[in-house]
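S.K.: The structure under discussion is supplied below as structure tokens; questions concerning it will follow.
The values are calculated or read from the model by the stated rules, or taken from the named source; none is laboratory data. In this text, all values refer to a predicted model and were calculated from it rather than measured experimentally. Note that we place each Cβ from the backbone using ideal geometry, even for glycine, and neighbour counts take in every protein chain shown.
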Amino acid sequence: MTDAIPPAEIGMSMTQDSMRPKANNERIVGLFKYMRRNPALLGGLILLFALLVFWGAGSLLWDTSKANPLSVPAGLPPSAQFPLGTDNQGRDLLATMIAGTPLTLRIGLVAGFLGAGIGTILAFIAGYYGGAVDTIIRTIVDIGLTVPSLLVLVVVAVSFKESLSVDQMGLVVASTAWLWPARTTRSQVITLRERTWVKIARLSGLRGLEIVVKEMMPNLIPYIAASLVSTISSAILACIGLEALGLGPMNSPTLGMTIYWAIFYSAIMFGMWWWWAPPIIIIAILFVGLFLVATGVDEIANPRVRRRT
């Protein structure tokens, strides 16, 4: 026979269960209040979510196989059958936009996460430990920032004998995307290194890696997030620039390659505005969304902006 639960414990458990929905509701209300106070972050998330909806709903409602060459009649203007028209390669441009938007974002995410991750790790190593390691990393970063990144990316992309894939394109862009995050995050780490609570943690017996992971990194998460968004934006801009030069994945319908083929076939000269206008509009929405998200996250990471707002 099981022991009976005391009435006091029953009442306490019922009170805790009744308080959980209230706490969750307060968090949701607090999140909405913060979004109203930070319209840049809200607007950026809405634009990025709209692109995700465009890709997800479009993949379900439209045949994306028409993004392959010779799938449809070539050179047709927008119509009921082809809302965004077709290009001279026989591709449905609506299917091309649906298939190309996530590919372009994928290149930016691969390059952005790799660049921000490598840059952040090197920044913590250089900023916290200092000495010869800091001198070597700082010198490499300073030299790398003086060289035009687009020139380096062109040389790297040209060195590939065959056409790049989407993931390889992300790796090429990531080869220079880590420089700026490493420099900016290092300055933040040097500032935190001299704080009193870091010195106390060092005197309490914590090792360097424990101090970095448990004490310093949580305080820099908002700044690292803002740096990540900026790195993704720069990576997408770099990959579109390379693709517009014909150095991207030739067999993938990315937004940059669509612009390249429009330039290659002189779409502007022949008045085929439906070929080059849609990718430019989607790229503009993508960059505005990322810019607004970076601005909104910067309010959290930057005390001066937070105090001013």
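S.K.: Pick from ILE280, ILE211: which is of a type in the set (Val, Ile, Thr) and at pLDDT below 90?
M.R.: Details: ILE280 fails: at pLDDT below 90.
The unique qualifying residue is ILE211.
S.K.: State all residues of region 56-95 that are part of a loop (DSSP other than H, G, I, E, B), in contact with a Leu (Cβ under 9 Å, 6 or more places away or on another chain) and not acidic (Asp, Glu); if no residue qualifies, say none.
M.R.: First, pick out the residues of region 56-95 that are part of a loop (DSSP other than H, G, I, E, B): 62-63, 68-85, 87-91.
Filter once more, keeping what is in contact with a Leu (Cβ under 9 Å, 6 or more places away or on another chain): 62, 78, 82-85, 87, 89-91.
Those that are part of a loop (DSSP other than H, G, I, E, B), in contact with a Leu (Cβ under 9 Å, 6 or more places away or on another chain) and not acidic (Asp, Glu): TRP62, PRO78, PHE82, PRO83, LEU84, GLY85, GLN89, GLY90, ARG91.
S.K.: So which of SER159, SER71, SER149 is modelled with pLDDT of 90 or more, polar (S, T, N, Q) and more than 17 Å from TYR260 (Cα to Cα)?
M.R.: The conditions single out SER71.
S.K.: Next up: Which residue pairs have Cβ atoms under 9 Å apart, sit 6 or more places apart or on different chains, and have a first residue in region 42-67 that is farther than 14 Å from GLY289 by Cα and in contact (Cβ under 8 Å) with a residue 40 or more places away in the chain and a second that is surrounded by 15 or more Cβ atoms within 10 Å (Cβ to Cβ) and among the basic types (Lys, Arg)?
M.R.: Going by the 9 Å Cβ cut-off, the qualifying pairs are ALA67/ARG91.
S.K.: Separate question: Can you name every residue in region 233-256 that is out of contact with any Leu (no Cβ under 9 Å at 6 or more places or on another chain) and either in a helix (DSSP H, G or I) or under 13 Å from ASN88 (Cβ atoms) (or both)?
M.R.: Listed by number, the residues that qualify are SER234, LEU237, ALA244.
S.K.: Follow-up. Considering each residue of region 255-286, count those that are free of Cβ contacts under 8 Å to residues at least 12 places away in the same chain and over 20 Å from LEU242 (Cβ atoms), and give that number. Talk me through it step by step, then tell me what you get.
M.R.: Filtering region 255-286 for residues free of Cβ contacts under 8 Å to residues at least 12 places away in the same chain gives 266, 268-271, 273, 277, 281, 284.
Within this subset, residues satisfying the condition of being over 20 Å from LEU242 (Cβ atoms) are 266, 268-271, 273, 277, 281.
Of the residues in that region, 8 qualify.
S.K.: For the subset of region 102-119 comprising residues that are buried (at least 24 other Cβ atoms within 10 Å of the Cβ) and not hydrophobic (A, V, I, L, M, F, W, C), which member is farthest from the chain's Cα centre (by Cα)?
M.R.: Here the residue is GLY119.
S.K.: OK, next. Quick one: ALA284 ticks every box in (1) part of a helix (DSSP H, G or I); (2) under 28 Å from THR86 (Cβ atoms); (3) in contact with a helix residue (DSSP H, G or I) (Cβ under 6 Å, 6 or more places away or on another chain) bar one, so which box is it?
M.R.: For ALA284, the exception is condition (3).
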